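Chemist: Handing you this structure, nothing more for now.
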Amino acid sequence: MHLQIYRYCPDNGLPPRMQEYRIEPEPGDRKLLDILIRIKAVDDSLSFRRSCREGICGSDAMNINGRNGLACLTPIEGLHEPVVIRPLPGLPVVRDLVVDMTLFFAHYSAIKPYLINTEPPPERERLQTPEQRECLDGLYECILCACCSTFCPSFWWNPDKFLGPAALLQAYRFIVDSRDRATAERLDYLDDVYRLYRCRTIMNCTEVCPKGLSPSHAIEQIRQALLVRSL
Amino acid sequence: MRLFSGQRAWLLQRLTAVLLLVACLAGLAALIFTPGFGYAQWKAFFSDGHGATLTVVCYIAICLHAWVGARDIILDYVPATAPRLALLSLVAVLLLATSVRLALLLAAQFMR
């Protein structure tokens, strides 16, 4: 298998380069991450993040043949060769395929990703009807891999101000939660020309989400919620 | 009033788009279904009070739509404050100038 992998080490002072690798997959290798781990065994200078290896932790998000995705969910069968692997676009590179996600998580933190409810808690848990719980489907599954936000041109243009699809999907997850009582404050925060309205409905986010979620739909729902509120 | 509003600009862009779409379709329908619709008919339309009012309303809609669109492009592509303000001002001046020109042209129709 022929791969070209982005290499950059800030310590050696050299500019970034693409390094060629040729490696034979073993019979048990199914996903791209298996190949990267094999490369790591022969070239331990290659850096990338990975943890769960099954699409839950979101650590191994990278740009694979021009498209963001999780290496652990990308089958090696059918991949166009050479497989060109780059770090997630739009975020500063720490080293090789490892990017600095500080900004991404700052946006996530800014939308207050937790239930806000100052009412006295009931004796047991705050219950939801099956219908109320269904509203969270397609939202709570987000693993914050950043595939969507870093594939969004609006995020590339205004990474410091536009919250990005991942944070906005998470924002909607709490807006639509029947147990949350801070909808008005959340909407006030989002009604901003940069935070929400930089979204141009390009829909790259929905196209690349490795979990099959639709941040663009969530963004549309937030806009509708703002519209209904203003009426 | 915030210069860079979020929802208000977004809504304005969509409402003006709907208005302009209806106006375009109505104009197109007039051209297709009215035989011999030419210069004289256009002149009569703009000289009529209702026609002139409709034209002004549509032009205001175009200006608002163009302002939001141009503003979006400038906010996306021109991060530096000075060139951004210069470009925004240029767009605003252009839109205002063309609006004044249109108002003067229409007023001239009624002065004759």
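Chemist: Can you show me the helix-derived [θ] at 222 nm for chain A, built from DSSP H runs with n ≥ 4 at -39,500 (n - 2.57) apiece and divided by the number of residues, rounded to the nearest 500.
Modeler: About -8500 deg cm²/dmol.
Chemist: Please compute the net charge surrounding A:ARG133, taking Lys and Arg as +1 and Asp and Glu as -1 over other residues with Cβ under 14 Å from its Cβ.
Modeler: With Lys, Arg at +1 and Asp, Glu at -1, the neighbours total -4.
Chemist: With springs only between Cα atoms under 10 Å, which of A:ASP34, A:ASP180, A:ASP188 fluctuates most in a Gaussian network model of chain A?
Modeler: Sorting by GNM fluctuation, first place goes to A:ASP188.
Chemist: Can you quote the Å³ per residue value for the convex hull of the Cα atoms in the stretch A:102-230, rounded to an integer?
Modeler: Hull volume normalised by residue count: 110 Å³.
Chemist: Rounding to the nearest 20 debye, state how big the charge dipole of the stretch A:102-230 is about its Cα centre with +1 on each Lys and Arg Cβ and -1 on each Asp and Glu Cβ.
Modeler: The calculation lands at about 240 debye.
Chemist: Can you compute the charge dipole magnitude of the stretch A:13-87 about its Cα centre, using +1 on each Lys and Arg Cβ and -1 on each Asp and Glu Cβ, nothing else charged? Give it in debye, rounded to the nearest 20.
Modeler: Computed about the Cα centre, the dipole is about 300 debye.
Chemist: Across the protein assembly as shown, how large is the tail of the calculated P(r) beyond 34 Å, expressed as a percent of all Cα pairs?
Modeler: Beyond 34 Å sits 46 percent of the P(r) for the protein assembly as shown.
Chemist: May I ask you to rank B:SER99, A:SER154, A:SER230 by accessible area, largest first, using a 1.4 Å probe over the protein chains only?
Modeler: A:SER230, B:SER99, A:SER154
Chemist: For chain A, set up a Gaussian network in which alpha carbons nearer than 10 Å are linked by springs, and say which option among A:TYR197, A:TYR172, A:TYR114 fluctuates the most.
Modeler: In the Gaussian network model the winner is A:TYR114.
Chemist: With a 1.4 Å probe, how much accessible area is buried between chains A and B, both sides summed, in Å² to the nearest hundred?
Modeler: Summing both sides, the interface buries roughly 1300 Å².
Chemist: Counting Lys and Arg as +1 and Asp and Glu as -1, what is the net charge of the other residues whose Cβ lies under 11 Å from the Cβ of A:PHE162?
Modeler: Neighbour charge sum, excluding A:PHE162 itself: +1.
Chemist: Something else now. Give me the Kirkwood hydrodynamic radius of the stretch A:1-150, using the inverse of the mean 1/r over all pairs of distinct Cα atoms, in Å to one decimal.
Modeler: By the Kirkwood definition, the hydrodynamic radius is 17.7 Å.
Chemist: Let me ask another. Specify the residue with the greatest mean-square fluctuation among A:GLN128, A:GLN221, A:GLN170, computed from a Gaussian network of chain A linking alpha-carbon atoms under 10 Å apart.
Modeler: A:GLN128
Chemist: Run the dipole for the protein assembly as shown about the Cα centre, Lys and Arg Cβ at +1, Asp and Glu Cβ at -1, nothing else charged, and hand back the magnitude in debye, nearest 20.
Modeler: The calculated dipole for the protein assembly as shown is roughly 1140 debye.
The values are calculated or read from the model by the stated rules, or taken from the named source; none is laboratory data. Everything quoted here is computed from the prediction, not taken from an experiment. Cβ atoms come from the backbone with ideal geometry, glycine included; neighbour counts cover every protein chain shown. For accessibility, only protein heavy atoms count, side chains too; no ligands or nucleic acids. Shrake-Rupley method; radii C 1.70, N 1.55, O 1.52, S 1.80 Å.
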